[in-house]
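Report on the following structure.
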Amino acid sequence: MCGIAGGIPHPSDPTEHVRLGDIVVSNRKGVIQYDFGKQKGNVFEERWAPRPPSARLLEAVQVLEQDRLSGQRPWDAHIQAGLKARSLNLPDAETDVILNDKGERIEHPPTTEVRPRVFHGPIASANVVQGDYRKRDRLREFHKVKAVEMEGSGIADATWEFERAGYLVVRGICDYCDVRTKHLQTDACKRHAAMVAAGYVRALI
């Protein structure tokens, strides 16, 4: 499942800090459907069944990760070719904004890694659009997820029911799940993020 998602930034931890245009690939924990559960008074008790991705696809992801560790990034050529063919550029830096509780802009921690960075981790999925940065951060702390989207849990369910199939979710990050900054992250961010994810999937295949 390839497409776009909201990223979950972690400015206090540069090694886990997801930014616009980065890539998130579901790991062995797969997709977590965080809106499935039971309401107990004021507390929502999440109940989710682990549905791991395809072992074969996870093995392919591991091969690409070994390439990355050795200094090779085969997805970059596919990404650049796709962006050039569609006249797409990296969105302006002014769109890449994260805010604190007071609505103040937070600086992104420095990194020496080549972008887009590729992150591996569980991906949160639900039937609602996530625009609450506080909920986003709770998902990060509780489930260790790195992205939030809406289609992955349905794909995971379908492949779980039909055992001959398997799934993997690859997402390009187009926003930060925050209604306060979504007006900055325009369709250009979405198109760029979609192409980044597609480039990685082509290398994976």
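The values are calculated or read from the model by the stated rules, or taken from the named source; none is laboratory data. Quick caveat, the model's predicted, so the values are computed rather than measured. Every residue, glycine among them, receives a Cβ derived from its backbone with ideal geometry; neighbour counts consider all protein chains shown. Remember, those area values only see protein heavy atoms, side chains included, never the ligands or the DNA or RNA. Shrake-Rupley method; radii C 1.70, N 1.55, O 1.52, S 1.80 Å.
List of remarks:
- Under DSSP loop assignment and at most 16 Cβ neighbours within 10 Å, longest trypsin sites (Lys or Arg not before Pro)-free interval of the chain: 1-46
- Within the chain, the longest run free of exposed loop sites, counting GluC sites (Glu not before Pro) that sit outside DSSP helix and strand states (H, G, I, E, B) and have at most 12 other Cβ atoms within 10 Å, spans 1-103.
- When each of 29/182; 135/190; 102/135; 144/190 is checked by Cα-Cα distance, pairs over 26 Å: 29/182
- Solvent-free Debye scattering, log10 I(q)/I(0), computed from the Cα coordinates of region 87-165 at q = 0.12, 0.14, 0.25 Å⁻¹: -0.54, -0.71, -1.33
- Those aspartates and glutamates that a straight Cα-Cα span of less than 15 Å connects to residue 84, excepting residues fewer than 8 apart in one chain: 76
- For region 110-205, the Kirkwood hydrodynamic radius from C-alpha pairs, put into Stokes-Einstein at 20 °C and a viscosity of 1.002 mPa s, yields a diffusion coefficient of 143 µm² per second.
- Applying a length cut-off of 30 Å (Cα extent along the axis) and a mean Kyte-Doolittle floor of -0.5 to the DSSP H helices of the chain leaves no helix.
- In nm, spacing of pseudo-spin labels at residue 16 and residue 188 (7 Å Cα→C-beta vector): 3.2
- Averaged over its residues, region 108-178 has an accessible area of 48 Å² per residue, based on protein heavy atoms and a 1.4 Å probe.
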